[in-house]
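Accompanying notes for the structure given below.
The values are calculated or read from the model by the stated rules, or taken from the named source; none is laboratory data. These numbers were taken from a predicted model, which means no experiment stands behind them. Reconstructed Cβ throughout: ideal geometry from the backbone, glycine too, with neighbour counts over all protein chains shown. Note: areas computed on protein heavy atoms with side chains; ligands, DNA, RNA excluded. Shrake-Rupley method; radii C 1.70, N 1.55, O 1.52, S 1.80 Å.
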Amino acid sequence: LGWYTGAEDGFLYVDQLRVEDIRHQVPESPFYLYSKNRIMHNYQAYKKALEGLSSLPCYAVKANNNLIIMKELAAAGAGAVLVSGNELKMAMAAGFDPSRTIFNGNGKLPWELALAAEKGVLINIDSEFDLENIAAAARKTGKKAKVLLRINPDVDPQVHPYVSTGLAGSKFGIRNSHIKWFLDAIRAEPLLELVGVHSHLGSTITKVNIFRDAAIIMCEFVKMIRAEGFNLQYLNIGGGLGIDYSHQGQVLPTPTDLIDTVRDIVKDLGLTLVIEPGRSMVATSCGLVNTVTGVKTNGNKHFIVIDGSMATLIRPSLYGAYQHIELTKPSNAPTETFDVVGPICESGDYLGKDRVLPTPEAGDGLVVHDAGAYCMSMASNYNLKMRPAEYIVEDGKLRKIRNEETLEHHLAVFDGLL
Ligand code: LLP
């Protein structure tokens, strides 16, 4: 299931297919390659973990917004968590049920809120001005908007500061000391209906007791808000479960471990548990398949230069993130310690540092693993690199799920201006 090294031949596989064969079939390079089985398996792991609880599992679309992948998850019954009006439009196109989607963010724009209110999406309140904007959007559509308060439980998720979001000084969520102000403001708006509370601690979290610490704090807020006369239904604990990027057989908590830390709290309060996984749904399903352009040495450093880059996959450059790298076929060539770099004109353009790999030849395939989350969705056109094609292995067959961007797509933004 998913990506693995063939026990007998040492080639890399996705489900039943050899990546080396796929590479020779596919005209583009680099390209993203997914296993549908793996995505569905990850989703089912959450479904199973939630058994016996009233729940709403919402896929965090920001992790991967391929329309075909979104359609599969919508068809499997997932809800969605969205952070822009365009994500909302894509989610509607993918067939997500609006009443099972949440619109979240610290800078939601009036047109985005109007669309969310019109569709009947659940909306998170992030600040005083956000509440005013949501109320204005509800008045404009004349429909009642169901809202959740995004609270900062101030629990440290112990992750990279860029992906830590639930601390008191974070840019997300309301000022908890002003909670009474928010409750009074909601009471004064007949078109706002407070239905729940939300928290999101951060991403790449590997210790699930942190979710319990936050849920205990959130539980106190729920009791307090209920005592003020509000009928809360939802406790949203956000997303954030990490995966084993190291490929060292690290044993990480599973969705079941995560849900079991909060199960009794949710049951005791008679709430519906909302979760918002992104990375743990899609990351492990995908590898970025690159072609080696050449190998070079400068000073005492050895480099493998590939056609993929920080424009295709930015996590190593941006967060110093480790993503495992392998060649697509076995090799007896002498190993060396390499930096794996792209062609972008920046020294920060690397996919991996100090990787011990067999010395490849130009034209060989090289995979950057665990590229299903925050890789394609964060790709850019820097240096006028075009965002790559995407393929998925589905029922043992290769299917193209996104065309490579071309310069023509890019030039369209100058239509009528030249
Ligand atoms: N809910 C909210 C409110 C979020 O802000 C996020 C992610 C999620 C859910 C999904 O979290 P996940 O289960 O994927 O950890 N670009 C970074 C990750 C940014 C995460 C942003 N928020 C990276 O590549 O590591």
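Yes or no, residue by residue, for (1) within 16 Å of the ligand (Cβ to nearest atom); (2) of a type in the set (Ser, Thr, Tyr); (3) at pLDDT 95 or above:
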site	(1), (2), (3)
4	no, yes, yes
10	no, no, yes
14	no, no, yes
24	no, no, yes
30	no, no, yes
45	yes, no, yes
49	yes, no, yes
61	yes, no, yes
74	no, no, yes
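I'd like to check something: does the stretch 198-211 contain any residue that is more than 13 Å from the ligand (Cβ to nearest atom), open to solvent by 60 Å² or more (accessible area, probe 1.4 Å) and outside any loop (DSSP other than H, G, I, E, B)? Before the answer, list the steps.
Of the stretch 198-211, the ones more than 13 Å from the ligand (Cβ to nearest atom) are 207, 209.
Right, trim to open to solvent by 60 Å² or more (accessible area, probe 1.4 Å) and you get 207, 209.
Cutting the leftovers down to outside any loop (DSSP other than H, G, I, E, B) gives us 209.
Yes, the conditions are met somewhere in the stretch 198-211.
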TODO: Return the pairs, sorted by first residue and then second, in which the second residue is within 13 Å of the ligand (Cβ to nearest atom) and of a type in the set (Lys, Arg), the first residue lies in the stretch 186-213 and is within 17 Å of residue 174 (Cβ to Cβ), the beta carbons are less than 8 Å apart, and the residues are 6+ apart or on different chains.
DONE: 197/150; 198/150; 199/150; 200/150
TODO: Those residues that are away from the ligand (no atom under 16 Å from the Cβ) and either closer than 30 Å to residue 341 by Cα or in a strand (DSSP E or B) (or both), I need them from the stretch 252-279; list them, please.
DONE: 272
- [ ] Can you work out which of the residues in the stretch 364-383 that are in contact with a helix residue (DSSP H, G or I) (Cβ under 7 Å, 6 or more places away or on another chain) and open to solvent by 30 Å² or more (accessible area, probe 1.4 Å) is farthest from residue 63 (Cα to Cα)?
- [x] 381
Task: Scope the stretch 121-148; condition within 16 Å of the ligand (Cβ to nearest atom) and among the hydrophobic types (A, V, I, L, M, F, W, C); matching residues - done: 121, 122, 123, 125, 147, 148
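Filter the stretch 149-177 for residues that are assigned to a helix (DSSP H, G or I) and either among the charged types (D, E, K, R) or open to solvent by less than 70 Å² (accessible area, probe 1.4 Å) (or both); which is nearest to the ligand (Cβ to nearest atom)? Lay out the reasoning, then the answer.
First, pick out the residues of the stretch 149-177 that are assigned to a helix (DSSP H, G or I): 161-163, 176-177.
Okay, now just the ones that are also either among the charged types (D, E, K, R) or open to solvent by less than 70 Å² (accessible area, probe 1.4 Å) (or both), so 163, 176.
Working: 163: 5, 176: 17 Å.
So, considering only residues that are assigned to a helix (DSSP H, G or I) and either among the charged types (D, E, K, R) or open to solvent by less than 70 Å² (accessible area, probe 1.4 Å) (or both), the one nearest to the ligand (Cβ to nearest atom) is 163.
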